[in-house]
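Shown next, in structure tokens, is the structure this report addresses.
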Amino acid sequence: MTDQHDAYVALGSNIGERDVYLHGAIQQLDAHPNITIVKKSSIYETDPVGYTDQAAFLNMVIKLTTTLQPLELLDVLQGIEDTLGRTREVRWGPRTIDLDILLYNKENIKLERLHVPHPRMFERGFVLVPLYEVDQNLQFPNGQDLQHYVRDLTDKEGVRKWKRSSGADESAPFES
Ligand code: X6L
Ligand code: MG
Ligand code: MG
């Protein structure tokens with residue numbers, strides 16, 4: 001048997017039926033013969049960071065085990081992004097789905113196509129809050145624990161648990 005690797009993946013969407021894109025990505029990952037989803041965070045609605053003049057995101061984090069090597073996993077994630085209509089017009093702009101490898105075992109990876117741990121994850125509430133929900137005892141390759149970074153977070157208020165909108169009830173009879 002080939003050996004198993006632990007990986008944490010961040011999911012984000014801020015176009016269209018955002019939760020449908022998140023669940024579609026998870027379904028495709030789950031269907032992959034070399035990937036097992038171990039744990040899923042809740043879904044969070046988050047204020048946009050970096051390029052702020054865009055719609056709010058839904059973000060979540062999953063833990064998976066895989067026999068894939070890091071670049072093979074990246075290829076799978078980019079393939080799923082493609083099937084879910086991801087386009088790359090504006091850097092940091094709106095996207096149907098974004099799938100980022102946050103961590104792969106306790107490895108530091110610096111390749112042209114892939115940096116792990118994800119270089120922008122350490123100060124991002126939309127990553128750290130769901131990551132903390134998935135694994136409160138996580139340690140990074142630099143020896144620091146996740147708890148340390150979560151304590152230092154300044155943008156937690158831009159991150160709230162999301163529930164499917166129950167305002168205009170889609171299931172209510174028309175003009176009842
Ligand atoms: C200065 C310069 C400070 C750039 C921050 C931060 C750039 C984050 C890009 C930055 C900077 C990013 C998501 C998002 C993006 C997401 C939410 C990025 C890439 N992705 N905001 N912004 N959720 N809430 O998934 O993370 S663009
Ligand atoms: Mg991203
Ligand atoms: Mg990405």
Filter result (out of contact with any Phe, Trp or Tyr (no Cβ under 6 Å at 6 or more places or on another chain), among the aromatic types (Phe, Trp, Tyr) and within 10 Å of ligand 1 (Cβ to nearest atom)) within region 72-127:
Phe126
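Under 24 Å from Gly24 (Cα atoms), surrounded by fewer than 17 Cβ atoms within 10 Å (Cβ to Cβ) and in contact (Cβ under 8 Å) with a residue 40 or more places away in the chain: does that describe Gly79? Show your work before the answer.
Numbers: under 24 Å from Gly24 (Cα atoms): yes; surrounded by fewer than 17 Cβ atoms within 10 Å (Cβ to Cβ): yes; in contact (Cβ under 8 Å) with a residue 40 or more places away in the chain: no.
The answer is no for Gly79.
Taking into account only those residues within region 121-137 that are without any contact (Cβ under 8 Å) to a residue 24 or more places away in the chain and part of a loop (DSSP other than H, G, I, E, B), which is surrounded by the fewest Cβ atoms within 10 Å (Cβ to Cβ)?
Top of the filtered list is Asn137.
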Options Asn34, Asn14; residue that is out of contact with any helix residue (DSSP H, G or I) (no Cβ under 7 Å at 6 or more places or on another chain), of a type in the set (S, T, N, Q) and surrounded by 20 or more Cβ atoms within 10 Å (Cβ to Cβ):
Asn14
Report, by residue number, each residue of region 96-117 that is within 11 Å of the chain's Cα centre (by Cα) and either among the polar types (S, T, N, Q) or assigned to a loop (DSSP other than H, G, I, E, B) (or both).
Ile97
Of those in region 87-137 that are within 16 Å of Glu72 (Cα to Cα) and of a type in the set (D, E, K, R), the residue nearest to ligand 3 (Cβ to nearest atom) is Asp100
In region 94-119, the residues that are within 24 Å of Lys156 (Cβ to Cβ), among the basic types (Lys, Arg) and free of Cβ contacts under 8 Å to residues at least 24 places away in the same chain
none
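Each reported figure results from applying straightforward, stated rules to the coordinates on display, with no laboratory input. Since we're looking at a predicted model, the values are computed, not measured. Every residue, glycine as well, gets a Cβ built from its backbone with ideal geometry; the counts of neighbours run over all protein chains shown.
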